Amino acid sequence: MDHEAQFAHRLRPYLNDGARVDARVAARLRAAREQALAAYRPERHDWVALPAGAGGRLGGLRTLWLRIVLPAVVLCAAFAATFAWQQQQRAAELEELDALLLTSDLPIDAYLDQGFAAWLKRRASQ
Amino acid sequence: MAQATRLAVALLAAAWLQLAPPAADAASPPKDRRWTELSAEQQKILAPLQQEWDALEPDQRRKWISMTKRYPKMTPRGQQRVQTRMEKWAKLTPEQRKQARENYRRISKVPPEKRGDLKQQWSEYQALPPQERQKLQSTTKPKSTTKR
């Protein structure tokens, strides 16, 4: 870019020398230049579609969206997925335990009796 | 920045996929159903609960529906036990069920060679003088802090 700028700087006097045109041509050139400038739009890279109505300071919002909102959404989704999975695991464990308990050799009353497990444990350690 | 976005989108997709397959899995919790919405097979298995089915907690109903999937794999004796215990189990309070599970775990931890025949042990325990059983029961307070 530096080399290009230097070249343009050196080229300018020669162009100025050859650009002596009459007033009518100069006016047409000026009008064309102004028209081109009016139509000029700086190039924008929209990597992520912004939420609807997010006009205004687009640069700041885009940074906010990319650096804070999106990672936060990803994190929340990951937490939700982990939580749902854990809940499912817990429910499956509980079901398994209930099935074992209901098909066990002992009646439900034996498991409801607070003293039986303690008594059994004490006997086993003797 | 573009890479960060793509990474974020990929992570979101991964998180979604993490959730999505179990939802379609057979192991996922079944839908809560009223008695009339159950299949004939499910109604046959859950017949002891017919009277109180619609009054049960939705979570409990889902568990019983899930149980019907295990039921055909149980031994005939296991199936018979489930049938006879189902009604009683459903009538217990959540706290009692929690306590029963806790005691099941405690009893299961005792090595089989040391605990012997459980039915025999239960009979012997029941034959103890009431005062002695009461003493044992009072020394083992229910754990109110357990999560299940």
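The values are calculated or read from the model by the stated rules, or taken from the named source; none is laboratory data. Keep in mind the model is a prediction, meaning the values are calculated, not measured. Here the Cβ is made from the backbone with ideal geometry for all residues, glycine too, and neighbour counts use every protein chain on show. We work out accessible area using only protein heavy atoms, side chains counted, and drop any ligands, DNA or RNA first. Shrake-Rupley method; radii C 1.70, N 1.55, O 1.52, S 1.80 Å.
The table below lists the values:
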| read-out | value |
| --- | --- |
| Two-site FRET efficiency, B:D117 against A:A80, from Cβ-Cβ distance with R₀ of 51 Å, rounded to 0.05 | 0.60 |
| Spin-label pair B:E124/A:R24, simplified geometry with 7 Å Cα→Cβ offset, distance in nm | 12.5 nm |
| Partners for B:K63 among aspartates and glutamates (Cα-Cα distance below 15 Å; same-chain residues under 8 apart left out) | A:E93, A:E95, A:E96, A:D98, B:D32, B:E52, B:D54, B:E87 |
| Rounded accessible area of A:T63 (nearest 10 Å², 1.4 Å probe) | 50 Å² |
| Shielded residues, the range B:84-110 - accessible-area loss of 30 Å² or more between chain alone and all protein chains, probe 1.4 Å | B:R85, B:K88, B:W89, B:A100, B:R101, B:N103, B:Y104, B:R106, B:I107, B:V110 |
| Given B:K88/B:K135; A:K121/B:K135; B:K88/B:K109, the pairs whose alpha carbons are separated by over 23 Å | B:K88/B:K135; B:K88/B:K109 |
| Probe 1.4 Å - accessible area at A:S125, Å² to nearest ten | 90 Å² |
| All-pairs Cα distance distribution in the range B:24-121, expressed in whole percent, bin size 5 Å | 2, 11, 19, 20, 20, 13, 8, 5, 2, 0 |
| Accessible-area composition of the range B:24-121, carbon plus sulfur, in percent [1.4 Å probe] | 49 percent |
| Partner chain coverage, peptide A:92-101 - average Cβ within 10 angstrom | 6 |
| Förster radius 25 Å - calculated FRET efficiency between B:Q80 and B:E52, Cβ distance, rounded to 0.05 | 0.75 |
| Contact surface A-B: accessible area buried, both sides summed, square angstrom, 1.4 angstrom probe | 5100 Å² |
| B:K91/B:K135 FRET efficiency (R0 30 Å; Cβ-Cβ; nearest 0.05) | 0.60 |
